[in-house]
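The values are calculated or read from the model by the stated rules, or taken from the named source; none is laboratory data. Source: prediction; values computed, not measured. Here the Cβ positions follow ideal geometry from the backbone for every residue, glycine too, while neighbour counts run over all protein chains shown. When the accessible area is computed, the model is the full protein with side chains, heavy atoms only, and any ligands, DNA or RNA have been set aside. Shrake-Rupley method; radii C 1.70, N 1.55, O 1.52, S 1.80 Å.
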Amino acid sequence: MLALVCAAPVVHAQTADEIIAKNIEAHGGAAKMKAIKTMKATGKIEIGPGMQAPMTATQQRPDMIRNEFTFQGMTGVQAYDGKEAWQIMPFMGKKDPDLMSADERDDMADSADLDGPLMDYAAKGNKVEYLGKDKLEGTDVYKLKVTLKDGSIQTWYIDTDSNLEVRVDSERMVRGTPHKNTRVIGDYKEVEGLPVPFSMEMSDADHPDQKMKLTLEKVEYNVPVDASIFKMPPKTATTTKGADTAEPKPADKKPDEAPKSETPKN
């Protein structure tokens, strides 16, 4: 019996680092990924039945991102310049740029990472734990628990065949309240030899029926980008009505001042 046990094939246990290495290789490899200095993606967001918003996402190393989306003739902006996150939301009656909260800033900072949280995760202060295999709608997947430096938690579902992520569940604190959302990722297409998901469906745990779908139409790498687009612009000057802005009135005549008469011309 001992001989039979020793002769049995050794089952190699997967580790988080091995799965991450496969995922990075499936994305084209670390060298190709890090060679991307800028990225520009254009597409549309489906907000609801018959409601679409054209969008543009621009990223630049290190950790800068700007998202623009147009709806009902108004354009909203959300951006992160590596330090501060800001937004312009005219749909909410705010046409001037405003700083985001600290929680929202952390979320934007995570999105600004061109390589994602798995690449060099330890150096970024992230932690990764392998949760084993699972099935996701009939697909065999690896599950990774990713704890980001800011404390938020992500669960990655990675296809065991393609080694590409197909879903990411996120949990983070937003304004003191736990916020959970899910991104279902698919329709991978190659752009300059690198697979890119051209479809992403996003849903909120509190409102599972209210889903948004992002569909990309074009992705470009290493395009020229003006770094100033990530900086928050100054607020536009507004006119305040009041005594100091009213039109000047003629000076009142002094009570003892008599009107001057014109000198008759000869």
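Exceeding 18 Å between C-alpha atoms, which entries from my cross-link table qualify? They are LYS44/LYS213; LYS83/LYS149; LYS83/LYS231; LYS44/LYS231; LYS22/LYS133. All intermediate terms of the calculation are to be shown ahead of the outcome.
On the way: LYS44/LYS213 8 Å; LYS83/LYS149 15 Å; LYS83/LYS231 10 Å; LYS44/LYS231 24 Å; LYS22/LYS133 15 Å.
In this structure, LYS44/LYS231 lie more than 18 Å apart at Cα.
Could you give the size of the charge dipole of the stretch 1-155 about its Cα centre, using +1 on the Cβ of each K and R and -1 on the Cβ of each D and E, expressed in debye and rounded to the nearest 20?
Values: 19 positive and 23 negative charges, 73 e Å.
Approximately 360 debye in magnitude.
Simple spin-label model, 7 Å along Cα-to-Cβ: ASP17 to MET92 in nm?
4.3
Heads up, I need the accessible area for PHE71: 1.4 angstrom probe, whole protein in place, Å², nearest 10.
About 40 Å², ignoring ligands and nucleic acids.
For LYS218 and ALA102, what does the FRET efficiency come to when R0 = 35 Å and r is the distance between their Cβ atoms, rounded to the nearest 0.05? Write out the running numbers ahead of the final one.
Values: r = 33 Å, r/R0 = 0.95.
Working from the Cβ atoms, E equals 0.55.
What are the aspartates and glutamates whose alpha-carbon lies under 15 Å from the alpha-carbon of LYS189, with same-chain residues fewer than 8 places away excluded?
GLU165, GLU217, GLU220
Accessible area of the stretch 1-151 with a 1.4 Å probe: how many percent of it is carbon plus sulfur? Walk me through the numbers before you get to the answer.
Working: 4690 of 8570 Å².
Carbon and sulfur atoms account for 55 percent of the accessible area of the stretch 1-151.
Positive end of the charge dipole of the stretch 1-140 (Lys, Arg +1 and Asp, Glu -1 on Cβ, about the Cα centre): tell me which of SER111, PHE69, PHE91 has its Cα farthest that way.
Positive-end residue among those listed: PHE69.
Per residue, how much accessible area does the stretch 102-206 have with a 1.4 Å probe, in Å²?
Values: 5460 Å² over 105 residues.
Each residue of the stretch 102-206 exposes 52 Å² on average to a 1.4 Å probe.
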